[in-house]
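**Q** Here it is, the structure, as structure tokens.
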Amino acid sequence: MYDRFDRIAPGLTAKINLLIDVVLVLALLAVASPAIRQVSGLAYAVIGTLAVMAWLLSATVVRLYSPCTPRTRMDSLAMGTLAVIATSGVVFVADWALRAGAPSFDVLAFGLMLLGLENLIRILLIGSVELRFRGSLDRVLVVGTGPIAAATAKHLAERSRRQAVIGFLDFLGEPTSVSDSRLPVFGKATSLLEVLKRQSFDEVYVAGRLTTQSDEMQAAVRTCEEVGMPFAVPLHNLEYQRAVPFPSPGPDDYVHYLTARSKPTQHAVKRLIDITASAGALFVLSPLFVAVALAIKLTTPGPALFRQRRVGLHGANFNMLKFRSMVANAEALQLQLLLQNEQAGPVFKMKNDPRMTTVGRFIRKYSIDELPQLINILRGDMTIVGPRPALPGEVEKYSTWQRRRLSMRPGLTCYWQVSGRNQISFDEWMQLDLRYIDNWSLAIDARLILQTLPVVLGGDGAS
């Protein structure tokens with residue numbers, strides 16, 4: 001669930017809404033400022049670009065498209081109004097500067113048309129699209145098989161537009177109320193940790209009664225806290241006919257918890273930075289990409305890009321991209337080199353790895369081999385700053401406390417890159433990642449990026 005904090009427009013419906021709004025901004029700008037097109041197409045292009053950027057930034061900050069921020073229709077109208085005001089103001093200033101104090105932009109007409117059409121489309125179109133196309137849903141594991149668990153699964157199936165129950169765990173001695181469900185029961189509640197290791201979930205609902213299952217509920221909560229899994233517990237264990245909690249905890253009557261401080265606006269801005277920075281870097285560095293790919297292809301047999309299965313947020317796997325720096329069968333040859341591993345723990349690191357190619361040694365030293373991960377960042381598999389993505393085989397050997405590093409989206413750089421890289425121990429590496437997760441902020445990201453640049457350019461600690 002909470003990985004969507006760092007998505008600007010999570011799900012198909014939100015993306016359609018965002019696309020319509022961007023088209024509206026550009027179209028209404030042309031309608032409200034015909035003189036710009038008559039005087040200079042370049043001026044219109046510049047102002048149009050600034051308008052879209054202003055809309056994206058303001059919509060991100062107020063989380064206009066986020067399903068994780070429940071709002072009434074009036075709240076959404078207020079947030080949309082703020083985005084319209086910010087966009088109109090930015091475009092008016094840009095037009096005034098380009099026209100040397102004689103703006104041709106009708107800010108009032110643009111703002112009123114954008115506000116009216118944006119909300120009209122959201123009411124008439126977006127709601128129906130959301131009902132028909134729910135897109136990718138958050139995977140939910142329900143701990144419990146009794147009446148509360150059955151009611152929770154039914155509620156999420158009927159009312160939630162972004163969550164899907166994948167299965168259940170059974171409390172000891174609990175009579176089942178989900179026997180007619182087609183969803184599996186993975187085992188007992190005591191096996192929660194093993195189930196979380198085998199499968200990827202976005203949230204765990206602990207659907208038990210404190211009067212009879214408090215010990216098992218407490219154990220489930222402790223497990224979720226230890227591995228960094230978001231979880232929810234029932235607000236109450238009694239049924240009410242008229243009374244409602246105040247303030248309301250949400251539509252599912254559960255209290256939701258994170259294992260780190262919630263900073264949804266900062267997460268959304270972080271994702272916006274990821275998109276703009278990775279897209280810009282891919283464009284600027286495209287000549288370098290071509291040169292490195294040609295150098296690899298001309299010097300060694302095999303593909304220029306190396307795809308490797310890595311573990312992402314909450315254990316979800318994805319294909320991480322790198323420039324190939326080793327021989328084509330490097331993974332098979334690793335078995336012959338295990339005794340020469342220079343890194344403690346489940347990670348394999350070797351300074352003078354014989355599998356490295358001549359080109360590979362150079363691009364590895366200066367982290368050029370990591371640049372294709374900008375594509376992973378643009379796609380949302382990774383972020384610029386975050387714990388490095390681990391191999392599935394490494395994660396299987398993690399201690400329980402080490403699995404908490406999977407509670408944040410993996411990144412291109414983090415404390416490990418600026419603290420000695422391969423020169424620090426595995427446990428120190430894990431502790432640095434947890435320190436980052438527990439104290440994360442945009443300011444820390446900015447500082448780590450600035451610290452990473454000289455380390456990468458100098459090739460410090462790389463192998």
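The values are calculated or read from the model by the stated rules, or taken from the named source; none is laboratory data. Just so you know, these numbers come straight off a predicted model, no measurement behind them. Methodologically, a virtual Cβ is constructed for each residue, glycine included, from the backbone with ideal geometry; neighbour enumeration extends over all protein chains shown. Only protein heavy atoms, including side chains, enter the accessible area calculation; ligands, DNA and RNA are left aside. Shrake-Rupley method; radii C 1.70, N 1.55, O 1.52, S 1.80 Å.
**Q** Kindly provide the pair-distance distribution of segment 165-222 built from C-alpha pairs, with 5 Å bins from 0 and whole-percent values in order of increasing distance.
**A** Cα pair-distance distribution for segment 165-222, in percent: 4, 17, 32, 26, 17, 4, 0.
**Q** Let me ask something else about it. At a Cα cut-off below 29 Å, give the lysines reachable from Lys397, other chains included and same-chain residues fewer than 8 away excluded.
**A** Lys188, Lys197, Lys322, Lys349, Lys351, Lys365
**Q** Kindly identify segment 264-322 as rounded, prolate or oblate by the Cα gyration tensor criterion: order the square roots of the eigenvalues as a ≥ b ≥ c, call it rounded if a/c is under 1.5, otherwise compare a/b with b/c, prolate if a/b is larger, else oblate.
**A** Values: a/c = 6.70, a/b = 1.51, b/c = 4.43.
Oblate is the answer for segment 264-322, as a/c is 1.5 or above yet b/c matches or exceeds a/b.
**Q** Apply 1/(1 + (r/R0)^6) to the Cβ-Cβ distance of Ser191 and Leu235, taking R0 = 30 Å, and write down the FRET efficiency to the nearest 0.05. Could the numbers behind the result be given before it?
**A** On the way: r = 26 Å, r/R0 = 0.87.
Using R0 = 30 Å, I get an efficiency of 0.70.
**Q** With every protein chain left in place, what is the accessible area of Met113 in Å² (1.4 Å probe, nearest 10)?
**A** It works out to around 60 Å².
**Q** Once label points are set 7 Å from the Cα along Cα→Cβ at both Leu82 and Leu19, what is their separation, rounded to one decimal in nm?
**A** Label-label distance for Leu82 and Leu19, simple model: 2.7 nm.
**Q** When the chain is fully extended, how far beyond the present Cα-Cα distance does Ile121 get from Leu288, taking 0.36 nm per residue of separation?
**A** Numbers: separation 167, 0.36 × 167 = 60.12 nm, distance 4.30 nm.
Taking Ile121 through Leu288 to full extension adds about 55.8 nm, to one decimal.
**Q** Between Gln451 and Thr299, what is the FRET efficiency for a Förster distance of 35 Å, r being their Cβ-Cβ separation, to the nearest 0.05? Walk me through the numbers on the way to the answer.
**A** Working: r = 33 Å, r/R0 = 0.93.
Computed FRET efficiency for Gln451 and Thr299: 0.60.
**Q** Right, here's the next one. Given the C-alpha atoms of segment 398-439, compute the convex hull and give its volume per residue in Å³. Display every interim value, and only then the final one.
**A** On the way: hull volume 3.0 nm³, N = 42.
Taking the convex hull of the Cα positions in segment 398-439, it is 71 Å³ per residue.
**Q** Which FRET efficiency, nearest 0.05, do Arg361 and Thr49 yield, Cβ-Cβ r, R0 51 Å? Each step should come with its number before you reach the end.
**A** On the way: r = 41 Å, r/R0 = 0.80.
It comes out at approximately 0.80.
**Q** Take the Cα gyration tensor of segment 364-463, multiply each eigenvalue by 5, square-root it, and list the three semi-axes largest first, rounded to whole angstrom. Don't jump to the answer; show the numbers that get you there.
**A** Values: eigenvalues 77, 49, 44 Å².
Result for segment 364-463: semi-axes of 20, 16, 15 Å.
**Q** Okay, moving on. Could you give the accessible area per residue of segment 362-463, probe 1.4 Å, as a whole number in Å²?
**A** Numbers: 4030 Å² over 102 residues.
Result: 40 Å² per residue.
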